[in-house]
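Visitor: Got a structure for you, questions after.
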Number of protein chains: 2
Amino acid sequence: MQSPFDASAPIVGIGNAIVDVIAESTPEFLAGQGLVPGSMNLIDSDRADELYDLMGPAIETSGGSAANTMAGLASFGGAAAYIGKVRDDQLGEVFGHDMHAIGVGFDASPGADGPATARSLILVTPDAQRTMNTFLGISSLLSPEDVDADLCSAAPIVYCEGYLWDVEVAKDAMLKAMHANVAGGGRPALTLSDTFCVERHHQELLDLVAGPIDILFANIHEAEALYRTEDLDTIVARVRTEVGLACITRGAEGSLLVTPDDLVEVQAQPVEELVDTSGAGDQYAAGVLHGLVSGHDLATCGALGSMAAAEVISHYGPRPRHSLAELAADLL
Amino acid sequence: MQSPFDASAPIVGIGNAIVDVIAESTPEFLAGQGLVPGSMNLIDSDRADELYDLMGPAIETSGGSAANTMAGLASFGGAAAYIGKVRDDQLGEVFGHDMHAIGVGFDASPGADGPATARSLILVTPDAQRTMNTFLGISSLLSPEDVDADLCSAAPIVYCEGYLWDVEVAKDAMLKAMHANVAGGGRPALTLSDTFCVERHHQELLDLVAGPIDILFANIHEAEALYRTEDLDTIVARVRTEVGLACITRGAEGSLLVTPDDLVEVQAQPVEELVDTSGAGDQYAAGVLHGLVSGHDLATCGALGSMAAAEVISHYGPRPRHSLAELAADLL
């Protein structure tokens, strides 16, 4: 099948550039801290220090939703670039190193002053669920100047995080990237990121989906929050009128890929041991995006997404540990 | 059995306070970089930057040989404290957090200027061997002022890294700690750390073992390098005249615990999947030290060491992920 996209131009991800600080935790600890299991909470510097003092020994690893997706694309062997903001501190160096090491274009020079590189304190409970507490730091200062319009214009897809909508100036950066992408004939994509994020920015995200966004990623709870309905048929009908492709994930029940005149149901790929759900949605998106730019049909795109999600939830950390290109070769 | 030690006073570890930066690698990459597989290389800041640029995506986790051993002791439920030097930078914060979070006493205030917190770029090859490239940074400025003589005097054991012998001023810090420990009736312990380290400081380490050191940890290669013989009987005869207890590890062949009038052979504990040998020696030492202060016989001390080593080589990173206290409860 012929790909409708220029496969040589990188897909561009845009999001909060975050280093994850991952520790094992317990439901009791979450309850004691007033944290909703599975949620993403924005915290300030003081709360970050306080929570960090209380949590267990941790590992640090590069994260950030859209950045994870770009890392997944690179692992598939696809071309990917990333736009996000770090400081010239040690965690910023870690973030930049990991992007370059995995082959994702990331050219922004780190900020010389201002807040520190963003970090997310991630508490993983024995049910493999992750509860995130994110100090956005300098990542929240992403502005339109940081967006390379030429890069976004050439990209087959610009993939944006809903999380960025938490930050006023970053909205303009995202809109600039989306509009450049549309002007270049690309397909702007959005992931809704988190139910609470959808609730925080309900109308604006609705407008975005009805507007420039052509590819929508959402888990079923986020889709329900966006359309304020629990009726799947209603959701399917809505996305059909608003986007070219909606990918709705349902955890172990798999996912739906919906276009104006098609609906494909995709199975989740079973895993031997569920270790840490961090990055599941990010890697699912990587699989689907890689499938799209490779010219695969919807069912194959969904299967690549399921495969990438299964890989990442089998170990700690939000990025693939095994080559997704190799795993895909076995699948295709 | 009655313990000869005061179990309430912490064992004190003293060493280079290091954050590990762990990436998967290949024998070809090591060869191309002129690195001897399994070695620990000291590198300067420029080389650290160069090698970091070349290596793959990494995870960051607190390390440092003696610090890992103290973390293991805490995981056994034992009292442990640590002496080492970090900067007031992000990696220093990570190191301090992880010590406190695991319950190891670590009271040093981070340096406000000078070199950055130490880091070790660790390349793990598919055979699970780790090759370390360590930028010592501020850890190499550990000095006698950093040593709390009262803490060392009260400690049943002060456990020192051979690695510290690479640093002139740190030698004095170690000697101060050892002498305080001897004066308080404790048993200073030394791990030889690395064959190349033994070769770099051959005569001085010989003097140390024949002098204040009462408990010696070495793998067979380090012991051979120390006594310049491949004859195990000769090594056993030598350590019997020089230390109260020598623990000689032999990888999958297990270990020997040698006292002036006893010799116990201990099996290695088999593992399902060997993932990363980082921390094997450190956790073996934790098991033996915990056994000693708990008043167990030599065979049990060795078995606790084998158990802790088996736990740590079954996953990435040099510190236990599962409670060693729980694992020990099954064993004892």
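Visitor: A:Lys85 passes all but one of (1) under 25 Å from A:Leu324 (Cβ atoms); (2) in contact with a Leu (Cβ under 6 Å, 6 or more places away or on another chain); which number fails?
Guide: It is condition (1) that A:Lys85 fails.
Visitor: Quick check: is even one residue across the stretch B:320-327 of a type outside the set (S, T, N, Q) and closer than 21 Å to B:Ala210 by Cα?
Guide: Within the stretch B:320-327, the first condition is being of a type outside the set (S, T, N, Q), and the residues that meet it are B:320-322, B:324-327.
Of the ones still in play, those that are also closer than 21 Å to B:Ala210 by Cα are none.
The answer is no; no qualifying residue exists.
Visitor: Please specify each residue of the stretch A:293-332 satisfying the condition of being in contact with a Pro (Cβ under 8 Å, 6 or more places away or on another chain) and more than 14 Å from chain B (Cβ to nearest Cβ).
Guide: Selection gives A:Val293, A:Gly295, A:Ala308, A:Ala310, A:Glu311.
Visitor: Residue check: is A:Met40 touching a Phe, Trp or Tyr at 6+ places or on another chain (Cβ under 6 Å) and touching a residue at least 12 places away in the same chain (Cβ under 8 Å)?
Guide: Against the criterion (touching a Phe, Trp or Tyr at 6+ places or on another chain (Cβ under 6 Å) and touching a residue at least 12 places away in the same chain (Cβ under 8 Å)), A:Met40 does not qualify.
Visitor: Looking at B:Ala58, B:Ala112, which one is in contact with an Asp or Glu (Cβ under 6 Å, 6 or more places away or on another chain) and not hydroxyl-bearing (Ser, Thr, Tyr)? Give the derivation first.
Guide: Working: B:Ala58 fails: in contact with an Asp or Glu (Cβ under 6 Å, 6 or more places away or on another chain).
When all the criteria are applied, what remains is B:Ala112.
Visitor: Which of the residues belonging to the stretch B:211-227 are among the hydrophobic types (A, V, I, L, M, F, W, C) and surrounded by fewer than 19 Cβ atoms within 10 Å (Cβ to Cβ)?
Guide: B:Ile220
Visitor: Give the residue, chosen from B:Ala23, B:Ala67, B:Ala71, B:Ala17, that is small (Gly, Ala, Ser), within 23 Å of the chain's Cα centre (by Cα) and surrounded by fewer than 24 Cβ atoms within 10 Å (Cβ to Cβ). Full working, then the answer.
Guide: Values: B:Ala67 fails: surrounded by fewer than 24 Cβ atoms within 10 Å (Cβ to Cβ); B:Ala71 fails: surrounded by fewer than 24 Cβ atoms within 10 Å (Cβ to Cβ); B:Ala17 fails: surrounded by fewer than 24 Cβ atoms within 10 Å (Cβ to Cβ).
B:Ala23 is the lone residue from the list that is small (Gly, Ala, Ser), within 23 Å of the chain's Cα centre (by Cα) and surrounded by fewer than 24 Cβ atoms within 10 Å (Cβ to Cβ).
Visitor: Would you be able to say whether some residue in the stretch B:314-329 is surrounded by fewer than 20 Cβ atoms within 10 Å (Cβ to Cβ), within 19 Å of the chain's Cα centre (by Cα) and closer than 15 Å to B:Gly251 by Cα?
Guide: yes
Visitor: A further question on this structure: Out of contact with any Gly (no Cβ under 6 Å at 6 or more places or on another chain) and at pLDDT 95 or above, is that true of A:Asp127?
Guide: no
Visitor: Pick from the stretch B:199-224 the residues that are small (Gly, Ala, Ser) and over 18 Å from the mean Cα position of the chain (by Cα): which of them is farthest from B:Cys247 (Cα to Cα)?
Guide: B:Gly211
Visitor: Look through the stretch B:251-281, keep the residues that are touching a strand residue (DSSP E or B) at 6+ places or on another chain (Cβ under 7 Å) and modelled with pLDDT under 95, and return whichever of them is nearest to B:Tyr159 (Cα to Cα). Let's see the steps before the verdict.
Guide: Step one: of the stretch B:251-281, the residues touching a strand residue (DSSP E or B) at 6+ places or on another chain (Cβ under 7 Å) are B:254-259, B:263-266, B:276-278, B:281.
Checking the rest, the ones that are also modelled with pLDDT under 95 come to B:276-278.
Working: B:Asp276: 24, B:Thr277: 21, B:Ser278: 19 Å.
The selected residue is B:Ser278.
Visitor: Note down all Cβ pairs under 6 Å where the first residue falls in the stretch B:84-111 and is basic (Lys, Arg) and modelled with pLDDT of 95 or more, the second is part of a loop (DSSP other than H, G, I, E, B) and surrounded by fewer than 24 Cβ atoms within 10 Å (Cβ to Cβ), and they're at least six residues apart or on different chains.
Guide: B:Arg87/B:Pro110; B:Arg87/B:Ala116
Every residue, every condition in (1) at pLDDT below 95; (2) on the phi < 0 side of the Ramachandran plot; (3) surrounded by fewer than 19 Cβ atoms within 10 Å (Cβ to Cβ); (4) among the aromatic types (Phe, Trp, Tyr), yes or no:
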residue: A:Asp150; (1), (2), (3), (4): no, yes, yes, no
residue: A:His179; (1), (2), (3), (4): no, yes, yes, no
residue: A:Arg187; (1), (2), (3), (4): no, yes, no, no
residue: A:Cys197; (1), (2), (3), (4): yes, yes, no, no
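Visitor: May I pose another question? Find the helices (runs of 4 or more DSSP H) located wholly in the stretch B:9-125 whose residues include 3 or more that are within 14 Å of chain A (Cβ to nearest Cβ), and list them.
Guide: Working: elements: B:27-32, B:45-54, B:65-75, B:90-102.
By residue number, B:45-54, B:65-75, B:90-102.
Each row is one residue, and each column tells you yes or no for (1) without any contact (Cβ under 8 Å) to a residue 24 or more places away in the chain; (2) under 27 Å from A:His315 (Cα atoms); (3) surrounded by 20 or more Cβ atoms within 10 Å (Cβ to Cβ).
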residue: A:Thr229; (1), (2), (3): yes, no, no
residue: A:Glu242; (1), (2), (3): no, no, no
residue: A:Val258; (1), (2), (3): yes, no, yes
residue: A:Asp261; (1), (2), (3): yes, no, no
residue: A:Gln267; (1), (2), (3): no, yes, no
residue: A:Thr277; (1), (2), (3): no, yes, no
residue: A:Ala285; (1), (2), (3): no, yes, yes
residue: A:Gly295; (1), (2), (3): no, no, no
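The values are calculated or read from the model by the stated rules, or taken from the named source; none is laboratory data. These figures come from a predicted structure and were not determined experimentally. Cβ atoms come from the backbone with ideal geometry, glycine included; neighbour counts cover every protein chain shown.
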